[in-house]
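The values are calculated or read from the model by the stated rules, or taken from the named source; none is laboratory data. Since the model is a prediction, treat every value here as computed from it, not as a measurement. Counting neighbours? That spans all protein chains shown, and the Cβs are built from the backbone with ideal geometry, glycine included.
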């Protein structure tokens, strides 16, 4: 008898540990590759782990990890003025990505097409990121000052979407990770308060 434990079945300590781990990954991936954008702000790869946080940890812990980790990245890089906006934007990015993934998983149940809900959810989440920063930078620099960064943020969204989908697909193909961390299969499993038993 083989038991698969969902995120809901984990202890609070383990959930908080995973949240802290994903927050650290969001922060490190934000700081690791940074390319300044024309107006202000910077291109980074942090959204890869923002999306992974959403898909793996769900709408509460995933949002916290994405928001806190990304905002810390801004602080470490000297973009403190962006940190409050980043906290809100990346948190909303993760929340939308999580909910949209769940919605499309309801429509697309074929395991072979598992990547489609993730692509759709990433697109919606990253559109929130682009729009959120655009609105914030309008407040800082005015309408024309905010436009130059739209292209950079869009390129970041495309790159991070591709990388996140490839990474989560690779992780799911690893049996040890798949068995320990079933939310990789979809949002609903991460919130159900039950364990699933399989006969090996």
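A single member of 54, 66 is at pLDDT 95 or above and either within 20 Å of residue 131 (Cα to Cα) or crowded, with 24+ Cβ neighbours inside 10 Å (or both), and it is 66. You will find that of 25, 32, 21, 52, the residue that is over 30 Å from residue 144 (Cβ atoms) and in contact (Cβ under 8 Å) with a residue 60 or more places away in the chain is 52 and no other.
For residue 136, state whether it is within 17 Å of residue 46 (Cβ to Cβ), assigned to a helix (DSSP H, G or I) and at pLDDT 95 or above. Yes, satisfied. Summed over the range 22-37, the residues that are part of a helix (DSSP H, G or I) and farther than 10 Å from residue 50 by Cβ give a count of 6. Regarding residue 95, is this residue buried (at least 18 other Cβ atoms within 10 Å of the Cβ) and assigned to a helix (DSSP H, G or I)? So residue 95 passes the test.
Residue selection: residue 80 fails the criterion of being touching a helix residue (DSSP H, G or I) at 6+ places or on another chain (Cβ under 8 Å) and either within 21 Å of residue 155 (Cα to Cα) or touching a residue at least 40 places away in the same chain (Cβ under 8 Å) (or both).
Need the failing condition index for residue 172 against (1) surrounded by 16 or more Cβ atoms within 10 Å (Cβ to Cβ); (2) in contact with a strand residue (DSSP E or B) (Cβ under 7 Å, 6 or more places away or on another chain); (3) at pLDDT below 90, just the number. Exception for residue 172: condition (2). Taken over the range 83-92, the residue count meeting the criterion of being without any contact (Cβ under 8 Å) to a residue 60 or more places away in the chain and buried (at least 20 other Cβ atoms within 10 Å of the Cβ) is 4.
Has the range 110-127 got at least one residue that is at pLDDT 95 or above, surrounded by fewer than 24 Cβ atoms within 10 Å (Cβ to Cβ) and either closer than 13 Å to residue 26 by Cα or in contact with a helix residue (DSSP H, G or I) (Cβ under 7 Å, 6 or more places away or on another chain) (or both)? Checked against the condition, which is being at pLDDT 95 or above, surrounded by fewer than 24 Cβ atoms within 10 Å (Cβ to Cβ) and either closer than 13 Å to residue 26 by Cα or in contact with a helix residue (DSSP H, G or I) (Cβ under 7 Å, 6 or more places away or on another chain) (or both), the range 110-127 yields at least one hit.
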